[in-house]
């Protein structure tokens, strides 16, 4: 009925180029004579910023995050407003935004170590400039420190703070001289603060995981979350083989390799243009989908002729995969309350020549049984969750997700799973999937559901899953 998916494949290596993860040192820090000065109102000159990757990153990062996907949407809007921006510049801007979000509290810790006045007195826009520059200095080997410093000085002047140029220049050059080294909190005396500062996670999140998992497992989890996830393609195996697609992509200058465990997956190693411009994509030979998401549909394993239900279908990544796994010879009902998502799903289905998908705009928490009027052989419930398993792809999650969200979501998930059970035919299968590592949203939800519905049982996937899935399963199956 369920599997736990680990998106952190051991072969995924970070491309941040972090040069000294283990080294700490004690330095005598020099104080800067330049003080931050009084706050002088809002920033000026932002609309006159020259369009560069650094300035674009500044504009996006200076505003607080506003929930799931906020920074991704800002990037998409910015690229839409400047369609002529070179792919290389777009990639640089994305790298800066993602990198600063990923390492924000570590960057702040280092800035605080070198500042000669309380960290809280640094103005927000100036702090954003410092974070962007410091990220380049510590994590991007191809960017000279001098270039990062000089651009930061220009930025702080352009955003209406010319009186702070000497401060920004001084602190960044001091950090550059010492390679950004400073003491983190003691691992033995304050393990929570140590992991929080070193790996850039909120202390509350670290404290919870240490309590549940222990120090060593938590440290491994934090390390994995800071690795940059690669782009993964899902081959439309009904129309083209994985080998054939790899050759086709290679002819377009796109380097790929086989995915670690997904039989349909290709990992992109080099891509120099938007996915939408690739001929194989336009012809519907692949879509972009992570390995864990691909594994979910294969574990549900619908057969040709099955009636399949995808609750909380979203943009239809799993919906289209389920349709492909039936050979497009079943019926896949995709339910989501967002009509824009359903419209995008239908466009994807059309591109991939899938005709068995039936979209339904509805709130899953409502009584679907009465008006759907049928039961299903297979049901996919990819439940709304805290998304803590996606931090490697969406690092901003860790900064806005709260503990109370987990409690609220777990109650919603329980209601959705009850709904799925009611829509299941006798002998049918439900796969409950989340993209979080929270026990409250995984084990606790499934166990409480099994206790309420005596007609179902939790399947031990260690006995039934195909061989490729074995590395993904925990001791409980």
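The values are calculated or read from the model by the stated rules, or taken from the named source; none is laboratory data. The shown structure was predicted, so the numbers you read here are calculated from the model rather than taken from an experiment. Note that each Cβ is placed from the backbone with ideal geometry, even for glycine, and that neighbours are counted across all protein chains shown.
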*asked:* Condition check: at pLDDT 95 or above and at positive phi. Does residue 200 satisfy that?
replied: yes
_Some residue of region 255-269 being assigned to a helix (DSSP H, G or I) and not assigned by TED's automatic domain parsing to the domain that holds residue 139_ = no
*What are the residue pairs meeting all of these: first residue in region 58-75, first residue outside the structural domain of residue 90 (by TED's automatic domain parsing), second residue modelled with pLDDT of 85 or more, Cβ atoms under 6 Å, and 6 or more apart or on different chains?*
none
*Out of region 156-179, which residues are surrounded by fewer than 23 Cβ atoms within 10 Å (Cβ to Cβ) and outside any helix (DSSP H, G or I)?*
160, 178, 179
*Quick one: in region 270-302, which of the residues that are in contact with a helix residue (DSSP H, G or I) (Cβ under 8 Å, 6 or more places away or on another chain) and in a strand (DSSP E or B) is surrounded by the most Cβ atoms within 10 Å (Cβ to Cβ)?*
286
*Somewhere in region 241-251, is a residue surrounded by fewer than 23 Cβ atoms within 10 Å (Cβ to Cβ), assigned to a loop (DSSP other than H, G, I, E, B) and free of Cβ contacts under 8 Å to residues at least 12 places away in the same chain?*
yes
